[in-house]
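Scroll down for the structure; my scribbles are underneath it.
The values are calculated or read from the model by the stated rules, or taken from the named source; none is laboratory data. Everything numeric here is computed off the predicted structure, so don't read it as measured data. Cβ coordinates were reconstructed from backbone atoms using ideal geometry, including for glycine residues, and neighbour counts include every protein chain displayed.
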């Protein structure tokens, strides 16, 4: 792609994270690159429809119409760079569909099907990381809860969450005496790999030891040229959570997390950004508790402290030399999340 060629960037299913649309457009302008940022959404009431240069309504990812609709749109519009913010939609894209979109000349930032399946299944992911020497908490399936209750020391605390899930789905923090009940409650709402009900199966629930230390969100920014080169690391301490995303967070030095994000990158071979959540054990070791192979909900805290990940990714997509300063930021900056309101139409006509 020549430097004078306009660039089309698609962000699918941004939902309430529509700030990414604004930041990618700002990054295009800052880098002196002509282009547009396109919102692709299932719901026409998404805030992205009021912020993007172009808005595209796409069928739901789990509908029969979705594959052909997205193929047809890509064939006609020929976007250059594609990000998706929905974990289940990423699952639907990974594999042959993503490859078909790549054949149309687009950089599609989703993992291979094998690696995406690994990330989607938190139990398999944890076992693979353990095998690779990546620090993780002690982990069991909900179907093994009787064994855990019988062998764990009195006073133990646990984390219960959905094995297949996004954000804080099915999340509880029970003590030993309430562990069985917490697993049963979580199983009632657990989903399978297809996004449908797991039918109250306790094996669809994950049980992990509770780690008492600080939690950090860490972004690894990887090149888009197929080499999965680690371009930079961004980190923040999570001070308060709300609805599965950080609500208050403080930027932190990336150096303590550089090795673990590089190890995760070796396993997943990502392109673009991935986000991991780590929590410290009693000895201060940061253990990986979750991975999101996409633009994360915690990056804005580093953006407000001076980082410009969208610009770094745009430069990588263009084949321009990496500018390390784009991923530098000020540690110790505390930011709180707030709600915003976006006009999406006037008189029934969508605003652009």
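Assorted remarks:
- In the stretch 149-191, of all residues being under 19 Å from the mean Cα position of the chain (by Cα) and surrounded by fewer than 20 Cβ atoms within 10 Å (Cβ to Cβ), the one that is farthest from residue 120 (Cα to Cα) corresponds to 171.
- For residue 102, the requirement of being surrounded by fewer than 18 Cβ atoms within 10 Å (Cβ to Cβ) and either at pLDDT below 95 or out of contact with any strand residue (DSSP E or B) (no Cβ under 7 Å at 6 or more places or on another chain) (or both) is not met.
- Sole residue being surrounded by 17 or more Cβ atoms within 10 Å (Cβ to Cβ), in contact with a strand residue (DSSP E or B) (Cβ under 7 Å, 6 or more places away or on another chain) and not assigned by TED's automatic domain parsing to the domain that holds residue 316, chosen from 27, 39, 18: 39
- Any hit, the stretch 57-69, residues being buried (at least 22 other Cβ atoms within 10 Å of the Cβ) and under 28 Å from residue 194 (Cα atoms): no
- Hey, residue 226 touching a residue at least 40 places away in the same chain (Cβ under 8 Å), out of contact with any strand residue (DSSP E or B) (no Cβ under 9 Å at 6 or more places or on another chain) and within 30 Å of residue 102 (Cβ to Cβ) or not: yes
- Contact map, the stretch 246-264: residues that are assigned by TED's automatic domain parsing to the domain that holds residue 300 and modelled with pLDDT of 95 or more paired with residues that are part of a helix (DSSP H, G or I) and crowded, with 23+ Cβ neighbours inside 10 Å, Cβ distance under 8 Å, separation 6+ or inter-chain. Pairs shown: 249/301; 250/301; 251/301; 251/302.
- If only residues of the stretch 129-148 that are assigned to a helix (DSSP H, G or I) and out of contact with any helix residue (DSSP H, G or I) (no Cβ under 6 Å at 6 or more places or on another chain) are counted, the one that is surrounded by the fewest Cβ atoms within 10 Å (Cβ to Cβ) is 131.
- Count of the stretch 39-57 residues which are assigned to a strand (DSSP E or B) and within 19 Å of the chain's Cα centre (by Cα): 3
- Yes/no for residue 284 being out of contact with any strand residue (DSSP E or B) (no Cβ under 9 Å at 6 or more places or on another chain), without any contact (Cβ under 8 Å) to a residue 60 or more places away in the chain and assigned to a loop (DSSP other than H, G, I, E, B): no
- Subset tally (residues that are under 14 Å from the mean Cα position of the chain (by Cα) and in a strand (DSSP E or B)) for the stretch 236-275: 6
- Residue ID - nearest to the chain's Cα centre (by Cα), chosen from residues in the stretch 317-334 that are surrounded by 19 or more Cβ atoms within 10 Å (Cβ to Cβ) and under 25 Å from residue 256 (Cβ atoms): 327
- The set of residues in the stretch 159-208 that are more than 23 Å from residue 243 (Cβ to Cβ), assigned to a helix (DSSP H, G or I) and touching a residue at least 60 places away in the same chain (Cβ under 8 Å) comprises 202, 203.
- Of all residues making up the stretch 325-352, the number that are within 21 Å of residue 56 (Cβ to Cβ) and part of a loop (DSSP other than H, G, I, E, B): 6
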